[in-house]
Structures are given as structure tokens and as C-alpha cells.
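Read-outs: derived from the displayed coordinates by stated rules, not from any lab. It should be emphasised that the depicted structure is a prediction, and the values quoted were computed from it without experimental measurement. Counting neighbours? That spans all protein chains shown, and the Cβs are built from the backbone with ideal geometry, glycine included.
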Amino acid sequence: MSERRESGVRERSIEATPAIAALPAIRPFVAPEELARRAGRTDLLRLGANESAFGPPPRALEAMRAELPRTSYYGDPESVALRETLAARHACSPDNITVGAGIDDLLGLVVRAYCAPGDVSVSTLGSYPTYIYHVIGYGARSETVPYAADGSVQLPALAARAHETRARLVYLANPDNPSGAFASRRAVASFVDALPADTLLVLDEAYGDFVDRSELLPDTIDPRIVRMRTFSKAYGLAGARVGYCIAPRETIETFAKIRLQFHVARISQAGALAALDEPDFIANVVAEVARGRSDYEALAARFARTTLPSRTNFVCIDIGSRERAEAMVEALLQRGVFVRKPGAPPLDGHIRVTVGTADDRLRFGEAFAETLLAAQRHARS
Ligand SMILES: *Cc1c(COP(=O)(O)O)cnc(C)c1O
């Protein structure tokens, strides 16, 4: 509550609704821009947000440049061109697709539409925080199941918890963030079958482009699932904010009642559409990311550190304890390197490092080595 001093003016600011006033002032992420300001730096080596170090595909850049002068006009609120192309790609109808300002936006829609205040959502403790941010923000109740000790997602335990709590929503990121773990097509299919009949699965496939299509569920519309994809990771368009979900037509119609109409910019729609026309560029990114993961695994091994198996564009390195991992994130930041770390046990002794370019990886390797050596000297003295 803020007070104002001028006389004759209200003493207190107007209250938010009780539900919003009661919310904790949490943010899912502190941005690298803010971390840079805190560290007194103008920029950082950005290896903390799983953005693409390989940039947008050239045709996407070209299409966005061409669209720039038309920025005085709103974008198509139905994103028709993009939805038609995506539908052809996923063997569905455009009526099965909602385009949004990234998966983060679509996660808010699904929670708002399907999880009333007090209803239960089930997810993995420490998995993607923006989902939980929406669950809390819309007044729903979050129930969680921890990761297994090896960093994998415990699918049977998630399904069991959904039954116990009569969950409306279950959230699964596959491949997962922050662990990098991946559940096979078969494991996910059995998981879907094990869920309560009236539970909706939010299947976040933000990293789906880093695994082979044959490893993901087939492109069939399943009434129990809302699948989410993004242009932010392999497609290198995180700053353009474009994602989409694939769902039954009725779900898409439900989202159409509440989604914002004009929040996916014209330039972003044009960029995403053109990016779909760059399969070779994307395949190269995916291959380079696989090489980068091996580089990080080799680097960790040189210092007798283990990594979690990852099918994404990042790798978690075991630093030994929560305290050491937190100190490492801070020490790297002081050296101009931005990484993040999983927040919840059993993964909170790891740091999570995004695959950068070959050059970024070398710079990270140097900073990592220096930081470890400094920590060892400190421990000895
Ligand atoms: C990066 C990420 C997102 C965010 O995607 P946007 O489309 O940029 O909003 C969503 N889910 C997971 C698991 C992610 O890692």
C-alpha cells in the first residue's frame, strides 16, 4: 500500500481485488538485463534463458524487415497464414491451433479456462516456473511431485497425484526444463492413459524441436491433451514472442473467447511463418546444439563433475550442493556469464547452462574453470 503526502489527495492507493492483493509478489524469472545492472555490466554472455545462440533463420529476418514499415497496422488477430502452415505441418486443421505470444501466454490461457479458483493443478516440483505463476495467479491450487533422484520426471507418481487430488490440469514439459530429461513416446502415451478421465494434460513441448518427431506423440488430436510449441528455442525467435498450441477444436474455441486479439505482432507472425521455410537452418541448429551438449559434458568430466542427460539446448552440471551451485551462479555473473540453476531438490545442486556457439562454449569453459579453482582455493584457505 503506498501513501501519498500531498494534502487533499487520497492517502492510500486503491486496493486490488482481494484475490490479487493476496498474491505473493513472486516473479518466475529475474531477467539477464536486471542481473547485468546488478553486476554493474552492460551485457552478459547469455547462457541462462535457453535462448538460441544461433540467431533467427535468415528468411525470418528478411520477412520481418520487409514487414517493418507495416507496423502501423495491427497483426492478423486470427494469424491465418501461420495457422494454415502449422496445420499442414501437424496434419490437423487450422481450427485445432491457437497462436499466442509464446507458450508463456498460452499457459495462462489454459489455466484460466480450465482451472477455476481452488481447483487443483499437478506438476513436477521445480519444473517450468511460469506455469505455476499462472496457477497461483488464477487462484488455483498447485500440487507437486518431486523429480526422481536421476532428474527424470516421475510420470506414474504424477498420474497417481492427479487421481488423489482430482486434478483439473496436469502439466508435463517434455523434454523437461530445467532437468533436460525426456520421456519416450511410449511412456507419455501410457501416462496419458493413466490420468483421470476428466483431467486435461498440458503437454509443453518447448524443446520438441530438439528430438526426432518419431519420439514425440503422433500428430493426432487427443481430447485429453493441449500440446504447446514455440518459436523461441530452436527457431531463434524468443524476442518475437510466438508460440502455438494444438488441441481439440472445442478447446481452441474456448481460448478464442478469452485470448488477446492483437498481441502477436505483425512482424512476429511474418518472422515465424518464414522461419518454417528454413528446415535446413533449423536442422543445423539442432546438430550444433547436440555438439554443444557433448562439449559441456566433456568440460564437466574434466573437473570430475557429472551432468544430467539432456535432450534440450541446455545441460545441468552437478556442483555438489545448493550452496555451491548458488555461489557458482553468482561467481559466473561476476565474470559476465549469465546461467541459471534449478530451484528445487533434488536438482538444486546443479547449474543449468544453455548451449552457446562454439565461441560461447569456450568462454563459458574458461569462466567455469576459473570459478571452480577460485572456490577450491577459498575452501583450502
Ligand atoms: C522456454 C520455455 C517456455 C517459454 O516459451 P515461450 O514460447 O518463449 O513463451 C515454455 N516452456 C518451457 C518448458 C520452456 O523452457
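When a footprinting reagent is the concern and you count Cβ atoms within 10 Å, what order do His90, His378 take, fewest first? Please report the intermediate quantities before stating the final value.
On the way: His90 18, His378 10.
Ascending number of Cβ neighbours within 10 Å: His378, His90.
Return Lys341, Lys257 ranked ascending by Cβ neighbour count within 10 Å, so the fewest neighbours appear first. Before the final figure, lay out each step's value.
On the way: Lys341 21, Lys257 8.
By the 10 Å Cβ count, ascending, the order reads Lys257, Lys341.
Most simply put, the chain has about 45% antiparallel DSSP beta bridges, counting only bridges with both residues inside it.
Between Arg213 and Ser93, what's the calculated FRET efficiency when r is the beta-carbon distance and R0 is 25 Å? Round to 0.05.
0.85
Here the dipole of the chain is about 760 debye; that uses its Cα centre as origin and unit charges on the Cβ of Lys and Arg (positive) and Asp and Glu (negative). Secondary-structure-derived ellipticity at 222 nm for the chain, considering helices only, amounts to -12500 deg cm²/dmol, per-run term -39500 (n - 2.57) for DSSP H runs with n ≥ 4. Net charge around Val111, counting only other residues with Cβ within less than 10 Å of its Cβ (Lys, Arg = +1; Asp, Glu = -1)? Neighbourhood net charge equals +1. Using the Cβ-Cβ distance between Asp193 and Leu362 with R0 = 45 Å, the FRET efficiency computed as 1/(1 + (r/R0)^6) comes to roughly 0.45. Residue order for Cys115, Cys316, fewest other beta carbons within 10 angstrom first, comes to Cys115, Cys316.
Which net charge results when you count Lys and Arg as +1 and Asp and Glu as -1 among the other residues whose beta-carbon is under 15 Å from that of Ala325?
Details: positive: Arg305, Arg322, Arg324, Arg340, Lys341, Arg352; negative: Asp318, Glu323, Glu326, Glu330, Asp348.
After counting each charged neighbour, the total is +1.
Other residues lying with their Cβ under 13 Å from the Cβ of Asp150 contribute a combined charge of -2, Lys and Arg counting +1, Asp and Glu -1. Positive end of the dipole of the chain (Cβ unit charges, origin at the Cα centre): among Ile136, Thr357, Phe303, the Cα lying farthest that way belongs to Phe303.
Rounded to the nearest 20, the size of the Cβ-charge dipole of segment 50-109 about its Cα centre is 220 debye, with Lys and Arg at +1 and Asp and Glu at -1. Dipole of segment 161-237 computed with +1 at Lys/Arg Cβ and -1 at Asp/Glu Cβ about the Cα centre; of Thr199, Asn174, Thr220, farthest Cα towards the positive end is Thr199.
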